[in-house]
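Here's the structure, in structure tokens; my notes come after.
Every read-out reported here was derived from the displayed coordinates using simple, explicitly stated rules and does not represent laboratory data. As the structure is a prediction and not an experimental result, all values here were calculated from the model. With ideal geometry, Cβ positions are generated from the backbone for all residues, glycine too; neighbour counts draw on all protein chains shown.
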Amino acid sequence: MKSKVPKKKELTEEQKYVLYQKGTERPFTGKFWDNHEDGTYKCAGCGSELFSSDTKFDSGTGWPSFYDALDPEKVELKTDTSLGMIRTEVVCKNCGGHLGHMFKDGPKPTGCRYCINSASLDFESK
């Protein structure tokens, strides 16, 4: 049986750039920013289940946004001081891939907005 976990060489150049060089895709261009299907968002680098469609919301930013991680133990939050500002980077704890950033301007109940690059995600429908 073939594994559903992508190998680094199977990723697109954009996925490699986002996941392993801490890149950011342009807003409103990723395949999941406007996805309304029920399911689970996984790390494109390793397949780890990270976010649920149940916590996805339209933030108006052009990136998939979630108010909570599926399992907080599967994501790591790191201080990011690049670009002359202080932000909170979101990283896949399993493979270290860059996912996006978390901001404290999201909806209840958490008040968090995990602003995640589509390129760093795969999606599995329910």
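Annotations
- For the range 8-125, the residue among Trp63, Pro109, Leu77 whose Cα projects farthest onto the positive side of the dipole built from Cβ charges is Leu77.
- If only the Cβ of Lys and Arg carry +1 and only the Cβ of Asp and Glu carry -1, the dipole of the range 8-125 around its Cα centre is close to 440 debye.
- In sequence order, the range 104-112 has phi-based couplings of 9, 10, x, x, 5, x, 9, x, 9 Hz under the Karplus curve 6.51 cos²θ - 1.76 cosθ + 1.60, θ = phi - 60°, and Gly or Pro positions carry x.
- Only one of [x] 47, 38, 19; [y] 40, 34, 25; [z] 42, 34, 29 was calculated from the structure for Cα extents along the principal axes in Å, and its label is [z].
- Value of [θ]222 nm, deg cm²/dmol, for the chain, DSSP H segments ≥ 4, -39500 (n - 2.57) each, nearest 500: -2000 deg cm²/dmol
- Calculated FRET efficiency for the pair Arg26/Phe57, C-beta based, R₀ 22 Å, to 0.05: 0.60
- Restricting the GluC sites (Glu not before Pro) of the range 42-120 to loop positions (DSSP other than H, G, I, E, B) with no more than 13 neighbouring Cβ atoms within 10 Å leaves nothing.
- Vicinal HN-Hα couplings computed from phi for the range 24-33 (Karplus, 6.51 cos²θ - 1.76 cosθ + 1.60; Hz; Gly/Pro x): 9, 6, 5, x, 6, 10, x, 6, 10, 4
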